[in-house]
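Have a look at the structure below, then the notes.
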Amino acid sequence: MPMRRMTVIHRRPRGGMVLAAGVVLCVHFSAHAPETVRMTAPENPAQEASPVDQGVKLVALTFDDGPHPKSLERTLALLQRHDVAATFFLVGAMAERYPEAVRTIVGDYRFRVANHTYSHANLAEADETTIRDELHRSDQVLSRLAGPGYIRFLRPPGGRVSHRAERLAAQARLQLCMWTVQVNDFLRPPARVIAERILRGCTGPREIVLLHSGVLETLEALEQVIPVLRERGYRFTTVERIMDEPDPRS
């Protein structure tokens with residue numbers, strides 16, 4: 001998958017595919033989904049940026065394709081040590097296989113989890129029955145482990161999504177969440193390269209960084225990146241804050 005950059009767009013007046021420089025970014029389904037959001041888990045104040053004005057830069061870290069138990073404790077400990085929030089987009093089948101890992105993310109560390117389909121499916125090519133099944137089965141697993149009404153966001157694997165998938169996600173009250181910075185860490189380049197790509201990509205006032213669970217090089221890179229981004233004026237926050245805050249550029 002080639003490295004690419006996307007630009008966050010907030011509060012679309014209607015459902016549909018949002019395009020920026022020819023690529024899908026994020027979609028708000030206000031025309032289809034109720035205004036209330038499905039989230040009941042308690043917040044951890046230490047993970048949220050304090051109320052901000054339009055001049056503060058925000059960045060959210062996200063991890064796809066987990067949970068990976070072998071590296072999870074190291075990942076969570078790193079984030080906690082640096083007082084950094086994160087959202088884990090979990091594959092339903094993996095969460096079902098490693099339920100204690102999900103409970104650790106949500107219960108012990110109080111980080112967010114979100115839907116990454118049940119089997120890491122290509123939603124751009126799937127038919128309606130398959131898409132419904134992928135979203136529903138993953139939501140069932142995660143809701144059972146994290147709490148009912150907890151799952152708000154969906155990230156289609158690889159960012160591959162169709163209008164059909166967007167419509168069905170809206171019906172399931174799932175909000176698409178893509179990214180602004182992608183570093184292709186799943187190819188396992190050296191930590192130095194991952195760090196350089198993150199720092200080169202984070203230039204705007206609202207950034208969502210796509211990372212992958214189970215990549216030790218990514219953890220090494222974050223040890224370097226987190227202090228530098230703070231020096232550059234970024235506050236680490238949640239995906240919720242990035243998606244809900246007005247973008248200063250809009």
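Extension gain, Asp244 to Arg232, is 2.1 nm, computed as 0.36 nm per intervening residue step minus the present C-alpha separation.
Could you tell me which of rounded, prolate or oblate describes segment 139-243, using a ≥ b ≥ c as the square roots of the eigenvalues of the alpha-carbon gyration tensor, with rounded for a/c under 1.5 and, failing that, prolate when a/b is larger than b/c and oblate otherwise? Since a/c reaches 1.5 and a/b is larger than b/c, the shape of segment 139-243 is classed as prolate. When both segment 103-122 and segment 186-214 are represented by their alpha-carbon centers, they are found 20 Å apart. Note on segment 76-191: Kirkwood hydrodynamic radius from all Cα pairs is 14.8 Å, rounded to one decimal.
A Förster radius of 35 Å, combined with the Cβ-Cβ distance separating Ala93 from His163, puts the computed FRET efficiency at roughly 0.85. Here the Karplus curve 6.51 cos²θ - 1.76 cosθ + 1.60, taken at θ = phi - 60°, turns the phi angles of segment 192-197 into couplings of 4, 5, 4, 4, 4, 5 Hz, with x standing for Gly and Pro. The chymotrypsin sites (Phe, Trp or Tyr not before Pro) of segment 120-210 include none that meets both criteria, a DSSP state outside H, G, I, E and B (loop) and at most 13 other C-beta atoms within 10 angstrom of the site's C-beta. Stretching the chain fully between His136 and Arg192 yields a gain of 16.3 nm (0.36 nm per residue, less the alpha carbon separation).
Subtracting the Cα-Cα distance of Ser119 and Asn184 from 0.36 nm times their residue separation leaves 21.4 nm of extension gain. The distance between label points at Asp83 and Gln171 comes to 4.6 nm (points 7 Å beyond Cα on the Cα→Cβ vector).
Quick note: the coordinates plus some simple rules give every number you see, no bench work behind them. Just so we're clear, the structure is a prediction, and the values are computed from it rather than from any experiment. Here the Cβ is made from the backbone with ideal geometry for all residues, glycine too, and neighbour counts use every protein chain on show.
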